[in-house]
1. Any residue that is open to solvent by 40 Å² or more (accessible area, probe 1.4 Å), free of Cβ contacts under 8 Å to residues at least 24 places away in the same chain and not hydroxyl-bearing (Ser, Thr, Tyr) - is there at least one of those in the range 129-142?
2. Can you pull out the residues in the range 14-37 that are surrounded by fewer than 16 Cβ atoms within 10 Å (Cβ to Cβ), within 26 Å of the chain's Cα centre (by Cα) and assigned to a helix (DSSP H, G or I)?
3. I'd like to verify a number: residues in the range 103-128 that are part of a helix (DSSP H, G or I), open to solvent by 20 Å² or more (accessible area, probe 1.4 Å) and not acidic (Asp, Glu), how many?
4. Can you pull out the residues in the range 62-88 that are open to solvent by less than 60 Å² (accessible area, probe 1.4 Å) and either more than 30 Å from Arg23 (Cβ to Cβ) or part of a loop (DSSP other than H, G, I, E, B) (or both)?
5. Just name the residue that is nearest to Arg102 (Cα to Cα) out of those in the range 207-220 that are exposed (fewer than 15 other Cβ atoms within 10 Å of the Cβ) and modelled with pLDDT under 95.
6. So Thr156 clears everything in (1) under 10 Å from the mean Cα position of the chain (by Cα); (2) more than 17 Å from Ala77 (Cβ to Cβ); (3) β-branched (Val, Ile, Thr) except one condition, right? Which one?
7. Which one of these is modelled with pLDDT of 95 or more, of a type in the set (S, T, N, Q), open to solvent by 70 Å² or more (accessible area, probe 1.4 Å) and not in a strand (DSSP E or B): Thr156, Thr180?
8. Only one residue in Arg187, Arg204 is outside any loop (DSSP other than H, G, I, E, B), surrounded by fewer than 16 Cβ atoms within 10 Å (Cβ to Cβ) and at pLDDT 95 or above, so which one is that?
Amino acid sequence: MNGPEIHVEFAPDLGQFVPHARRRGATAVVTDGVSTLGHVVESLGVPLTEVGALVVDGRPVPVSHVPRAAETVEVRAVERPQQVPGAPLRFLLDVHLGTLARRLRLLGVDAAYESTDIGDPALAARSAAEKRVLLSRDRGLLRRRELWAGAFVYSTRPDDQLGDILDRFRPELRPWTRCTACNGLLRQATKDEVADQLEHGTQRTYDVFAQCRDCGRAYWKGAHHDQLEAIVERALGMRAGGSEGARRS
């Protein structure tokens, strides 16, 4: 680039996306004089899904703003809780976030998930077609123009991933209402209705069942219920206590 020089300062929360030298204070950036500020920010490594306000010389500007010489740009992080207008809040997760998808479904959050790698264009297209917030750790995927909305998942640990998404979007939680396998809604079921899925010991021990309306999978309070209950209780406790439980790493 050989155009106007501007000064860009990133919010601390965006530090992991930019080189270490750009993490402290405003740094000089030479632009080409025609690219938008949104393009400049992305070229510096920050997906626009993670950007809140863009403030130039003290005034908010849109991502379409074309920087002029000597401007000072403040790139702020997304405000929390983040509002996603235009559709009910629901998510789409890429192939690497299966555990997070199952935990969101456990909490009753609408979370579609691709268990196979269908490719970035198809994921972005599905996000747009179904108006779902795409969750991913793939920065390139989050930069696709056809994407409807997206969010970077900051941690590799499922507990932290869940806490971060719940803190960022504050979705309504309705535990035990969705199928963790397919995302369908559950209904109460009798033992006879799900008998073909039960081993003999289960038939003798349990009397309360649910079944997915879509895939037919049966659910009951089996051996892993205490572990699942702990996940639900932590999520509800974090909601009651605010954002203290959400940590990025």
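The values are calculated or read from the model by the stated rules, or taken from the named source; none is laboratory data. Keep in mind that what you see is a predicted model, and the values were worked out from it rather than measured. Using ideal geometry, Cβ is built from the backbone for each residue, glycine included, and neighbour counts are taken over all protein chains shown. With ligands, DNA and RNA removed, areas are computed over all heavy atoms of the protein, side chains included. Shrake-Rupley method; radii C 1.70, N 1.55, O 1.52, S 1.80 Å.
1. Yes, there is a match, as at least one residue in the range 129-142 is open to solvent by 40 Å² or more (accessible area, probe 1.4 Å), free of Cβ contacts under 8 Å to residues at least 24 places away in the same chain and not hydroxyl-bearing (Ser, Thr, Tyr).
2. Gly15, Gln16, His20, listed by residue number.
3. The number of residues fulfilling the criteria is 6.
4. His65, Val66, Pro67, Glu71, Val78, Pro81, Gln82, Val84, Ala87
5. If we take residues in the range 207-220 being exposed (fewer than 15 other Cβ atoms within 10 Å of the Cβ) and modelled with pLDDT under 95, then Val208 is nearest to Arg102 (Cα to Cα).
6. Single failed check for Thr156: (1).
7. Thr156
8. None of the others qualify; the one that does is Arg187.
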